[in-house]
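Heads up: the structure comes next, in structure tokens.
The values are calculated or read from the model by the stated rules, or taken from the named source; none is laboratory data. From a predicted model like this one, the values you see are computed outputs, not experimental measurements. Cβ placement follows ideal geometry from the backbone for every residue including glycine, while neighbour counts extend to all protein chains displayed. Just the protein is used for accessible areas: all its heavy atoms, side chains included, with ligands, DNA and RNA removed. Shrake-Rupley method; radii C 1.70, N 1.55, O 1.52, S 1.80 Å.
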Amino acid sequence: METIQSKVDELITQMSPAEKAGQLTQYFYFRLPADAGPALDFDADAQPKSVESALRAGAAGSLLFVTDPAEINRLQRLAIEGNRLGIPVLFGFDVIHGLRTIFPVPIAMAASWDPDTIERGQSVAAREARAVGIHWTFAPMVDIARDPRWGRIIEGAGEDPYLGAAVAAAQVRGFQGGELGAPDHVIAGPKHFAGYGAALGGRDYDEVNLSDSELWNVYFPPFEAAVAAGAGNVMTAYMDLNGVPASSSRWLFTEVLRDTWGFEGFVVSDANAVRSLVTHGFATDLSDAAARAVNAGMDLEMAVSDPAYRHLPEALESGAASPQAMDASVRRVLQAKVRMGLFDAPYVDEDRAREVLADPAHRDVARIAAERSAVLLRNEGELLPLDAGSVSSIAVIGPLADSKRDILGPWVFDVDLDETVTVLEGIRARAGDGVRVDHARGVRVVQREFPSMFDMFGGNRPEDPEGFDEDAEFQHAVELARGADVAVVVAGEWQNMIGEAASRSSLELPGRQLELLQAVVETGTSVVLLVMNGRPLDLRWPVEHVPAILDIWYPGTQGGTAVANLLFGDVTPGGKLPFSWPRTVGQVPMVYAHTRSHEPANQARRYWDEASTPLFPFGYGLSYGRFEYADLAVDHPVISTTDTVTVSVKVTNTADREADEVVQLYIHQRTGSASRPVRELKGFRRVTLLARESRTVQFRVGPSERRYWNAAVQDWVTDSSTFDVWVGGDSTAQLSTRFEVTDADQPA
Ligand code: BGC
């Protein structure tokens with residue numbers, strides 16, 4: 001059997017520089033409304049035609065944004081027939097949280113703290129994607145995000161490198177299966193390498209300045225974990241990192257990614273990021289941009305139109321581009337095509353695609369994921385779960401309550417709205433005929449001050465129903481609430497307010513939603529607030545006045561059913577926050593893993609006008625169960641720097657219903673060759689405990705949990721020190737123990 005290597009080498013020896021450049025070029029291919037063109041800076045009409053002629057000329061190696069299997073087959077045929085070597089095209093797409101079956105948004109999946117749920121979800125997404133002919137997803141986004149003004153916080157796993165690494169690896173496993181090329185799976189492309197989440201002021205695309213210590217200790221670990229899990233691709237980032245465009249960084253793509261972590265896949269630029277090396281004021285022209293990118297180790301250029309890599313032959317000719325670097329890139333791209341079986345089976349079975357997309361089992365996986373990712377933020381007087389037997393009327397309030405588009409969240413395109421269940425629909429179905437369920441929108445939708453390119457996609461821009469009279473609706477909503485046993489208010493951000501190009505200068509509930517909530521609370525009816533969000537919002541007032549608050553995120557296709565199951569107690573919420581929830585925007589960035597400082601006693605009083613603690617800490621989430629922690633112990637109180645300690649704790653569910661708890665372990669290194677964070681997550685496990693069940697949970701804390709990159713010595717260190725350990729249900733856990741790490745070998 002021909003090996004991958006020799007097949008690829010044989011192709012490369014036959015290729016001209018222009019053919020090689022073609023293999024390194026990926027084009028967007030989409031049909032957008034004519035008015036989308038100017039916003040995206042391309043000609044919406046001409047773009048598909050020019051891509052087709054590139055395919056016919058063998059000048060395109062990959063396409064993105066095609067999801068219709070018949071179209072994929074047609075374009076594939078153009079490509080294969082168009083290049084003399086018959087090299088097929090690799091189809092990529094942003095399968096971020098599902099293709100047809102939409103899962104909760106990534107930050108919500110992270111809030112499940114359940115790698116199995118996450119892996120299962122992305123494996124369904126991969127199955128749907130592969131069935132329609134997509135070979136590769138531009139996901140997971142593994143950027144650490146510590147500033148919720150940045151809209152893309154929704155696409156990642158939040159603030160913490162340890163949780164982020166676990167979530168990243170689970171997603172790669174889900175997308176790719178056991179190995180690259182596994183049937184029903186796609187190539188995973190962790191992005192955006194690196195540091196994109198730290199944009200100045202939370203403003204998307206703005207520059208990022210991160211110390212080496214932050215990169216190695218905080219921003220890199222999820223990438224390293226994704227690479228270790230076998231990710232076949234990595235995408236670069238748009239912005240300048242420490243003054244150099246991240247998309248031209250040899251240090252990132254070659255020294256860190258390949259030489260240090262052993263990454264063997266291919267690197268793709270973010271959209272137009274090679275072209276924009278010119279825009280950044282870095283490269284002199286497209287030819288220079290292409291040469292610098294390819295020399296740095298950027299394999300494939302993603303381009304909306306007019307790719308810089310078109311200039312690679314001339315850059316080779318002038319000696320600016322390295323022929324070895326270019327061949328290495330072509331080799332990596334071709335290897336991916338061979339591994340994905342493209343040479344053997346370039347076309348997709350359209351009938352099978354229809355069957356796979358219609359698979360009802362996918363919807364079940366999505367519902368369970370939505371149930372597992374909700375976070376119960378407050379439940380005074382145990383208002384939740386609602387007792388279906390004693391509630392006879394429910395008022396469901398808010399414009400997001402019955403919005404099929406919004407419940408899906410951003411980054412979805414080919415959605416099936418008919419099978420999407422809104423919160424209102426879910427509650428109606430679950431409550432049954434005996435319960436009266438009324439709905440009022442209450443307030444009008446809010447429009448962005450500055451629309452983004454995503455608003456151009458059909459249905460993405462929210463609209464009020466025709467003839468909407470806000471004052472009358474507001475009154476109607478309040479009256480419904482007054483007359484009901486329970487009012488369920490759904491409030492948050494419309495889906496186009498979060499995601500890429502959706503940074504915000506405030507964290508308040510947009511529009512008059514808070515006012516509506518206040519008026520509903522004023523009626524005296526019991527209120528449950530469901531927060532629909534992908535970033536923390538300013539909930540200071542609700543936390544004081546609304547007895548029950550459930551964060552449902554954007555829960556996806558089956559969101560309404562999942563939410564109803566949670567409200568009525570068919571399932572118990574068990575999600576936990578993957579970020580510290582600030583009180584107000586003025587506190588951001590806010591992280592739990594800060595260092596002690598010279599004044600730790602005043603940590604909560606850094607501002608004179610507002611507590612400097614979060615509204616809800618990292619890792620927080622309530623349950624209908626109740627958990628007690630006891631018997632925290634380490635197996636060896638003194639170990640050497642190369643040893644591992646086992647920490648065990650007994651967790652008891654004292655309630656009389658089954659519930660999940662996410663048991664979390666934090667450590668703190670007291671002294672050493674650097675100041676270390678007051679707490680760092682170093683272990684977690686989501687466990688299901690029956691009513692009154694106790695379970696002993698164990699964690700191992702070894703050298704890899706204790707090592708960190710040290711700015712003083714510019715290297716990794718594992719210090720001797722006393723380590724405090726806390727285990728509990730969030731990052732403020734009080735139950736603690738400690739162990740010593742010494743240089744001297746201790747008897748086991
Ligand atoms: C985003 C990427 C995405 C790409 C293709 C870019 O604007 O930054 O995350 O994968 O578009 O849609």
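For THR13 and LEU200, what does the FRET efficiency come to when R0 = 45 Å and r is the distance between their Cβ atoms, rounded to the nearest 0.05?
Efficiency at R0 = 45 Å is approximately 0.45.
From a point 7 Å beyond the Cα of SER673 in the direction of its Cβ, which residues of region 205-246 have a backbone N at a distance under 18 Å?
Taking a point 7 Å out along Cα→Cβ of SER673, the residues of region 205-246 whose backbone N falls under 18 Å are 212-218.
Quick one: of LYS576/LYS682; LYS191/LYS404; LYS576/LYS650, which pairs are farther than 24 Å apart, Cα to Cα?
Correct reply: LYS191/LYS404.
Arrange the residues HIS280, HIS545, HIS192, HIS185 by how much accessible surface each exposes, largest first, with a 1.4 angstrom probe. If you can, show how the numbers build up before the last one.
On the way: HIS280 65, HIS545 85, HIS192 0, HIS185 35 Å².
These residues rank, largest area first, as HIS545, HIS280, HIS185, HIS192.
In a shell of Cβ-Cβ distance under 14 Å around PHE627, excluding PHE627 itself, what net charge do Lys and Arg (+1) and Asp and Glu (-1) give?
After counting each charged neighbour, the total is 0.
If I stretch the segment between VAL638 and GLN714 completely, what's the gain in nm (0.36 nm per residue apart, minus their alpha carbon distance), one decimal?
Residue separation times 0.36 nm, minus the Cα-Cα distance, leaves 24.6 nm.
Starting from 0 in steps of 5 Å, tell me what percent of the Cα-Cα pairs of region 1-142 lands in each bin.
The distribution over region 1-142 is 2, 9, 16, 16, 16, 16, 12, 8, 5, 1, 0, given as percents.
How long is the gain from LEU383 to ARG626 if the chain were fully straight, where each residue apart is worth 0.36 nm and the alpha carbon distance is subtracted?
Gain on extension, LEU383 to ARG626, equals 86.0 nm.
At R0 = 45 Å, how high is the FRET efficiency between SER318 and LEU417 if r is their beta carbon distance? Nearest 0.05 is fine.
Computed FRET efficiency for SER318 and LEU417: 0.30.
What percentage of the solvent-accessible surface of the chain, computed with a 1.4 Å probe over protein heavy atoms, is contributed by carbon and sulfur atoms?
The nonpolar share, carbon plus sulfur, comes to 47 percent.
Solvent-accessible area per residue for region 51-157 at a 1.4 Å probe radius, Å²?
The answer is 21 Å² per residue.
Note down the net charge around ASP147, summing +1 for each Lys or Arg and -1 for each Asp or Glu among other residues with Cβ under 12 Å from its Cβ.
Summing Lys and Arg as +1 and Asp and Glu as -1 gives +2.
Compute the relative contact order of the chain as a whole-number percentage, counting only Cα pairs closer than 8 Å that sit 6 or more residues apart in sequence.
13 percent
Relative to a virtual label point 7 Å from the Cα of ALA70 in the Cα→beta-carbon direction, which members of region 83-102 show backbone nitrogen distances below 19 Å?
100
Please compute the per residue accessible area over region 270-346 with all protein chains in place, 1.4 Å probe, rounded to a whole number of Å².
Per residue, region 270-346 has an accessible area of 35 Å².
Counting alpha carbon pairs within less than 8 Å and at least 6 residues apart, what relative contact order, in whole percent, applies to region 569-677?
Reported as a whole number, the value is 32 percent.
Size of the dipole of region 353-459 about the Cα centre, Lys and Arg at +1 and Asp and Glu at -1 on the beta carbon, nothing else charged, in debye to 20? Walk me through the numbers on the way to the answer.
Values: 13 positive and 18 negative charges, 51 e Å.
Roughly 240 debye, rounded to the nearest 20.
Tell me the accessible surface of VAL717 in square angstrom (1.4 angstrom probe, heavy atoms of protein chains only), to the nearest ten.
30 Å²
Specify, per residue and in Å³, the volume enclosed by the convex hull of the alpha carbon atoms belonging to region 495-604.
So the per-residue Cα hull volume is 155 Å³.
So if the hydrodynamic radius of the chain is defined as the Kirkwood radius over C-alpha pairs, what does Stokes-Einstein give as its diffusion coefficient at 25 °C and 0.890 mPa s, in µm² per second? It would help to have the intermediate numbers written out before the result.
Working: Rh = 26.9 Å.
After rounding, the answer is 91 µm²/s.
For region 172-329, build the charge dipole from Cβ charges (+1 Lys, Arg; -1 Asp, Glu) around the Cα centre, then report which of ALA226, ALA328, VAL267 sits farthest towards its positive end.
ALA226
Using just the alpha carbons, could you tell me how many Å³ per residue the convex hull of region 396-477 encloses?
109 Å³
Would you work out which of GLY197, ALA182, TYR607 lies farthest towards the positive end of the dipole of the chain? Charges go on Cβ: Lys and Arg +1, Asp and Glu -1.
Of the candidates, ALA182 comes out farthest on the positive side.
Which distance in nm do the two modelled labels at ALA655 and ASP724 give, with both placed 7 Å along the Cα-to-Cβ direction?
2.9 nm
Leaving out same-chain residues fewer than 8 places away, which lysines sit with a Cα under 23 Å from that of LYS49?
LYS20
Output the relative contact order of region 99-199, whole-number percent, from Cα pairs under 8 angstrom with separation of 6+ residues.
Relative contact order of region 99-199: 38 percent.
On alpha carbon coordinates alone, what is the Rg over Rh value for region 89-175, Rh being the Kirkwood radius?
Rg/Rh for region 89-175 comes to 0.97.
THR584: net charge of surrounding residues, Cβ under 11 Å, Lys/Arg +1, Asp/Glu -1, itself excluded?
Overall, the nearby charge balance is -2.
Quick check on region 657-728: what does the Kirkwood estimate of hydrodynamic radius come out to from the alpha carbon pairs, in Å?
Its Kirkwood hydrodynamic radius stands at 14.0 Å.
Choose one of THR525, GLN5, ALA659: the residue whose Cα lies farthest towards the positive end of the charge dipole of the chain (beta-carbon charges +1 Lys, Arg; -1 Asp, Glu; about the Cα centre).
About the Cα centre, the residue reaching furthest to the positive side is GLN5.
Calculate the dipole size of region 117-276 relative to its Cα centre from +1 charges on Lys and Arg beta carbons and -1 charges on Asp and Glu beta carbons; express the result in debye to the nearest 20.
400 debye
Can you pull the semi-axes for region 383-423, root of five times each eigenvalue of the Cα gyration tensor, sorted largest first, whole Å?
28, 11, 9
Rounded, prolate or oblate for region 274-414? Axes are the square roots of the Cα gyration tensor eigenvalues, ordered a ≥ b ≥ c, and the cut-off for rounded is a/c under 1.5. Intermediate values should be presented prior to the final figure.
Numbers: a/c = 3.64, a/b = 2.18, b/c = 1.67.
Judged from the Cα gyration tensor, region 274-414 comes out prolate (a/c at least 1.5, a/b above b/c).
Largest first, how would TRP608, TRP716 line up by accessible area (1.4 Å probe)?
Reading off the accessible areas and sorting them downward yields TRP608, TRP716.
Where q = 0.11, 0.13, 0.18 Å⁻¹, what log10 of I(q)/I(0) comes from the Debye formula for region 531-675, counting one point per Cα?
With no solvent term, the Cα-only Debye profile gives -0.62, -0.84, -1.24.
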